[in-house]
1. Can you tally the net charge around VAL80? Count Lys and Arg as +1, Asp and Glu as -1, for every other residue whose Cβ sits under 13 Å from the Cβ of VAL80.
2. Place a +1 charge on the Cβ of each Lys and Arg in the stretch 39-94 and a -1 charge on the Cβ of each Asp and Glu, then give the dipole magnitude about the Cα centre in debye, rounded to the nearest 20.
3. How would you rank 162-169, 262-269, 54-61, 88-95, highest first, on the average number of other Cβ atoms within 10 Å across their residues?
4. Report the label-to-label distance for GLU176 and ARG74 in nanometres (one decimal), using points 7 Å from each Cα along the Cα→Cβ vector.
5. By its C-alpha gyration tensor, with a ≥ b ≥ c as the square roots of the eigenvalues, how is the stretch 1-118 shaped: rounded for a/c under 1.5, else prolate for a/b larger than b/c, else oblate?
6. Using r as the Cβ-Cβ distance of LYS36 and ALA93, and R0 as 22 Å, what FRET efficiency do you calculate, to the nearest 0.05?
Amino acid sequence: MSFAIIRIHKHKTLAAVAGVARHHSREIECPTADAKRSVNNVRLGLAKGSSKDISQGIKSLIDTAQSKAKRKFRSDSVKVVEFMITASPEFFATASKKQKAEFFKKSLAFLEKKYGKDNVVATWIHQDETTPHLHVFLTPFDAKGVLNARSFFGTGEKLSQLQTDFAAEVASLGLERGLKGSTAKHQPCKAFWNRIFSEPEPPKPSKTDYLKAAAGIKVDSIQRIEERAHKFSLLKKATSNIFTKSQKIKKKQREIEEDANALRVKQTMFAKKS
């Protein structure tokens, strides 16, 4: 079973926006991306330009909005709400090219309809990483033309509804909503792996080290890299097993809920007959 995934991150400074845009536009190296596949990435709106163009474009939109509102917005207001949208790896592993394109099309259309087409200012579709995904920059202007991220995302209820609404939008592709009310928190990949590999990064082998290894001589730096690679392989397998077990638990929970509902119906019918 595959799940629809949508997350948001708020940026209060244009410097932060430019920094994130550099990553999304591949202006800086992305360790998890395959450079050979980066040609398959898609950039829309302001994302077609450089990170500098993007931050300047957003600044221009804010300046124009302030002029129309005839007042200056708070300096600590959220300038951009960033969306990261994807689905469980299993979906992309089996989905056709048409289904993948439909997923991205529906995701973007969902944001434009829910928050206003003019507010969706930059879009990246990344297909150079293990799991394809979508990044979107949204300028949170409300109906009055004022930066007001709180009006869209200010409560837990609104964020929960976002998850529900998005899952409904892509349900036709066989995707469903994650567990409602889950206390699990997203953890950045870098932080996760830093916790896993707490030992220092092994030194980079020199050309001499590689020549020694080729000759059958044990080289400490290369051996340490191989050990880390082996550890990574084991962790990846363990993570996959945990995910599979989690899916089975969720399925069992749904079955229990269905049985409980059926039992309540029977109890009600029995009470009426009595």
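Where a number appears in this text, it was derived from the coordinates with a stated rule and is not lab data. These figures come from a predicted structure and were not determined experimentally. Here the Cβ is made from the backbone with ideal geometry for all residues, glycine too, and neighbour counts use every protein chain on show.
1. The answer is +3.
2. Using Cβ point charges on Lys, Arg, Asp and Glu, the stretch 39-94 gives about 520 debye.
3. By packing density, highest mean first, the sequence is 54-61, 162-169, 88-95, 262-269.
4. Going by the 7 Å Cα→Cβ label model, 4.0 nm.
5. Judged from the Cα gyration tensor, the stretch 1-118 comes out prolate (a/c at least 1.5, a/b above b/c).
6. With a Förster radius of 22 Å, E is 0.65.
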